[in-house]
Ligand SMILES: [Zn+2]
């Protein structure tokens, strides 16, 4: 049986141990001290608030969406509110409204709506999954930035669905494009195992899916380091996540059956995933080519008014595509055959490519403008780092095994995801995505943001990406 090398439930011991790891930002103030992963944790909420110095005289804003949730025989949200009221707090519930698609998205109108409810004399508890947590977190962050008044913020996690809960970053939709903004940590994280068990299985499956991103993103991050695009690469992320794939595969059945121990393990892995990104102040370690593909799928949904698929489930499927792309690249890349001069497209050609690509799905060109503003920075950096690329080509024989060790075969990722009950292809995704939509994301994801991934390298290398797409699609979509 595989073991978690660093257990966040150990709190003080955990922080003490991970401080010693290479790459830990020792200069950072990290307010998140308490993370609990226990059966009955809901009834420890009053104690958690007290230890976060929330006095009884301070009203608590409880932010949630309108989705009914259960915990055993109880309706969850009223139960949380009752626990706090019975302990002596005045609780002000605030319900976020869904938009026309029936979903709540992390956007500025929702963030502003929460922010308007804040005051220096309030504490905040978010009761929800990723979107509710992100909206609330970012509202607290902006309020603190503007007023300089600290707000106590406790996360009550309602599903093992996404690595958002312990993250000090917030993904926010701006002109339909997802941007990751600096935000803040919660002061405490409460994972009540019965709540996580009684969450819809689809959300738990999504949580596993979001973690599978590691097997594309960690390779992309290493690649970015080798190409001179990042200066903060360290083994911290891999050490913290431990034998992630083995843990997920061993526990898959228990996760699917909702055993409390498996709920605790998954919640811990998800919290570690959030922490990895927080400690780097950047999502890069767990967000590479697979996440940009997922963002482009979301962008297409947004523009056509379709509801989004669950983030992590979609990310699992794009991770499988990304892993298949890596497999092809690692097998067929020949650095000696590269004509270096041809790998540096001029700005105007790429600007035209970005605008014409996104014009096809957003004739207002707002998305194109937003994408180009980020992409041009990457293109400039690529030109500036030409020497690094030349060294990369020379060192390929040493780089190849490093990349190989950080990714996994698409079949292996499919096996893990199937074992927890995840869909095996895009036709099974809810809502489904058709081949043309996924193809658009696979080919154009690199154009939306400044982070470099395998997808960019393939463009710069003038790889036959149509042929690659055909192979990747046909080798990954059978069940
Ligand atoms: Zn994600």
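The values are calculated or read from the model by the stated rules, or taken from the named source; none is laboratory data. These figures come from a predicted structure and were not determined experimentally. We place every Cβ from the backbone using ideal geometry, glycine too, and count neighbours over all the protein chains shown.
Yes or no: the range 182-191 includes at least one residue that is in contact with a strand residue (DSSP E or B) (Cβ under 6 Å, 6 or more places away or on another chain), farther than 16 Å from residue 287 by Cα and at pLDDT below 95. Scanning the range 182-191 turns up no residue that is in contact with a strand residue (DSSP E or B) (Cβ under 6 Å, 6 or more places away or on another chain), farther than 16 Å from residue 287 by Cα and at pLDDT below 95.
Would you kindly identify the helices (runs of 4 or more DSSP H) lying entirely within the range 364-429 that contain at least 2 residues that are within 26 Å of the chain's Cα centre (by Cα)? Spell out how you get there, then give the answer.
Details: elements: 366-384, 386-394, 396-406, 410-419.
Once the helices (runs of 4 or more DSSP H) in the range 364-429 are filtered for at least 2 residues that are within 26 Å of the chain's Cα centre (by Cα), what remains is 366-384, 396-406, 410-419.
Taking the criterion of being over 20 Å from the mean Cα position of the chain (by Cα) and either in a helix (DSSP H, G or I) or without any contact (Cβ under 8 Å) to a residue 24 or more places away in the chain (or both), the residues of the range 226-248 that qualify are 226, 231, 246.
Scanning the range 149-179 for residues that are surrounded by fewer than 20 Cβ atoms within 10 Å (Cβ to Cβ) and within 16 Å of the ligand (Cβ to nearest atom) yields 173, 179. Right, residue 279: away from the ligand (no atom under 16 Å from the Cβ), in contact (Cβ under 8 Å) with a residue 24 or more places away in the chain and crowded, with 22+ Cβ neighbours inside 10 Å or not? So residue 279 passes the test. Here residue 10 meets each of (1) touching a residue at least 24 places away in the same chain (Cβ under 8 Å); (2) within 25 Å of the chain's Cα centre (by Cα); (3) surrounded by 12 or more Cβ atoms within 10 Å (Cβ to Cβ) with one exception, condition (1).
Looking only at the range 51-70, decide whether some residue is free of Cβ contacts under 8 Å to residues at least 40 places away in the same chain, surrounded by fewer than 16 Cβ atoms within 10 Å (Cβ to Cβ) and closer than 30 Å to residue 308 by Cα. For the range 51-70, residues free of Cβ contacts under 8 Å to residues at least 40 places away in the same chain, surrounded by fewer than 16 Cβ atoms within 10 Å (Cβ to Cβ) and closer than 30 Å to residue 308 by Cα: present. Kindly establish whether residue 1 is surrounded by fewer than 16 Cβ atoms within 10 Å (Cβ to Cβ) and in contact (Cβ under 8 Å) with a residue 60 or more places away in the chain. Yes, satisfied. Each residue in the range 93-123 was checked for being without any contact (Cβ under 8 Å) to a residue 12 or more places away in the chain and assigned to a helix (DSSP H, G or I), and 1 of them qualify.
Please verify whether residue 196 is away from the ligand (no atom under 16 Å from the Cβ), within 19 Å of the chain's Cα centre (by Cα) and in a helix (DSSP H, G or I), treating the condition exactly as stated. Give the derivation first.
Details: away from the ligand (no atom under 16 Å from the Cβ): yes; within 19 Å of the chain's Cα centre (by Cα): yes; in a helix (DSSP H, G or I): yes.
It is true that residue 196 is away from the ligand (no atom under 16 Å from the Cβ), within 19 Å of the chain's Cα centre (by Cα) and in a helix (DSSP H, G or I).
Taking the criterion of being touching a strand residue (DSSP E or B) at 6+ places or on another chain (Cβ under 9 Å) and near the ligand (Cβ under 10 Å from one of its atoms), the residues of the range 282-293 that qualify are 283, 287, 291.
Pairing each residue of the range 460-474 that is on the phi < 0 side of the Ramachandran plot with any residue that is part of a loop (DSSP other than H, G, I, E, B), provided the two are 6+ apart or on different chains, yields C-beta distances under 7 Å for 461/338.
Residue pairs whose Cβ atoms lie under 7 Å apart, separated by 6 or more positions or on different chains, with the first residue in the range 159-185 and under 23 Å from residue 77 (Cα atoms) and the second part of a strand (DSSP E or B), are 165/155; 165/157; 165/189; 166/189. Residue 450 meets the conditions (1) under 19 Å from residue 295 (Cα atoms); (2) modelled with pLDDT of 95 or more; (3) in a loop (DSSP other than H, G, I, E, B) in every case but one. The failed one is (2).
The set of residues in the range 294-308 being within 15 Å of the ligand (Cβ to nearest atom) and either surrounded by fewer than 20 Cβ atoms within 10 Å (Cβ to Cβ) or not assigned by TED's automatic domain parsing to the domain that holds residue 362 (or both) consists of 308 alone.
Every listed requirement among (1) within 16 Å of the ligand (Cβ to nearest atom); (2) closer than 17 Å to residue 135 by Cβ; (3) surrounded by fewer than 21 Cβ atoms within 10 Å (Cβ to Cβ) is met by residue 202 save one, (2).
How about the range 17-40: which of its residues are in a helix (DSSP H, G or I) and in contact with a helix residue (DSSP H, G or I) (Cβ under 7 Å, 6 or more places away or on another chain)? Steps first, answer last, please.
If we filter the range 17-40 for residues that are in a helix (DSSP H, G or I), which is where we start, we get 17-19.
Residue satisfying the conditions is 18 alone.
Restricting 95, 83 to those that are touching a helix residue (DSSP H, G or I) at 6+ places or on another chain (Cβ under 6 Å) and within 29 Å of residue 201 (Cα to Cα) reduces the list to 83. Being assigned by TED's automatic domain parsing to the domain that holds residue 425 and either away from the ligand (no atom under 16 Å from the Cβ) or closer than 23 Å to residue 155 by Cα (or both) is the requirement here; does residue 324 meet it? The answer is yes for residue 324.
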